[in-house]
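Quick notes on the structure that follows.
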Amino acid sequence: MTDEPMPELSQITEPRGVTTGLRAELIDCWTAVTNSGGAAGFPFPPVRDEDVAPAADRIIGRLHPRGSRLLLARAGGALAGWVVLDRDPHRLVGHWGTVHHLQTRPGLRGRGIGSALMRELRRAARDELGLEQLHLAARGGEGLEGFYGRLGWREVGRWPGALRLAPEDTRDEVLMLLAPL
């Protein structure tokens, strides 16, 4: 981590909050993260903006104040990273949320942006949505367990060999929990 200022954090809770420019930044960030080897939802790089756009549009279309939020980090006015928080509306599981697609632009990694996004996501989940716990699934073999562990998450299980990235590269899907918030 460097002495650079912390990113400006914000969140969007409705599709109309995503401008055309922000949509392009989200897609560009996701493409860059994927093509640099990041485990952010597209396991088979290279990808193009045209590949990523439909998935980004699905995320944007699901945004809702009580159900799905997009948290953003900006550095120097540009999008530095983002993450999605989803909440299931069913009362059986409505007390927990799921974290998806945490990513930081490759050139900005190591500056605390991902950690800042995750701390803000935790705060929003607890204070704004009243959630009691958060879940996520991470690709094994990437060191992500250590990153999330430093933020208070714990591994609660694995799906052994669930992710086949190549014939000789099969990874576990690591199931993680953050509770209490």
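The values are calculated or read from the model by the stated rules, or taken from the named source; none is laboratory data. Remember, predicted model here, so these are calculated numbers, not experimental data. Virtual Cβ from ideal backbone geometry, glycine too; neighbours counted across all protein chains shown. The accessibility values were calculated without ligands, DNA or RNA, using every heavy atom of the protein model including side chains. Shrake-Rupley method; radii C 1.70, N 1.55, O 1.52, S 1.80 Å.
Some points to look at:
- Selection status of Leu177, farther than 23 Å from Arg74 by Cα, touching a residue at least 24 places away in the same chain (Cβ under 8 Å) and assigned to a loop (DSSP other than H, G, I, E, B): no
- Consider segment 14-24 and keep the residues that are out of contact with any helix residue (DSSP H, G or I) (no Cβ under 7 Å at 6 or more places or on another chain) and either assigned to a helix (DSSP H, G or I) or closer than 16 Å to His101 by Cα (or both). The one that is most open to solvent (accessible area, probe 1.4 Å) is Arg16.
- Close pairs from segment 35-58: first in contact (Cβ under 8 Å) with a residue 40 or more places away in the chain, partner open to solvent by 40 Å² or more (accessible area, probe 1.4 Å) and not in a loop (DSSP other than H, G, I, E, B), Cβ under 8 Å, at least 6 apart: Ser36/Pro106; Gly38/Pro106; Ala39/Leu144; Ala40/His101; Gly41/His100; Gly41/His101; Pro43/Leu163
- Of all residues in segment 25-73, exactly one satisfies the criterion of being surrounded by 15 or more Cβ atoms within 10 Å (Cβ to Cβ) and basic (Lys, Arg), namely Arg69.
- Residue check, Thr98 touching a His at 6+ places or on another chain (Cβ under 6 Å), polar (S, T, N, Q), closer than 23 Å to Ile12 by Cβ and modelled with pLDDT of 95 or more: yes
- Any chance Gly141 is in contact (Cβ under 8 Å) with a residue 24 or more places away in the chain, assigned to a loop (DSSP other than H, G, I, E, B), open to solvent by 40 Å² or more (accessible area, probe 1.4 Å) and under 24 Å from Ile27 (Cα atoms): no
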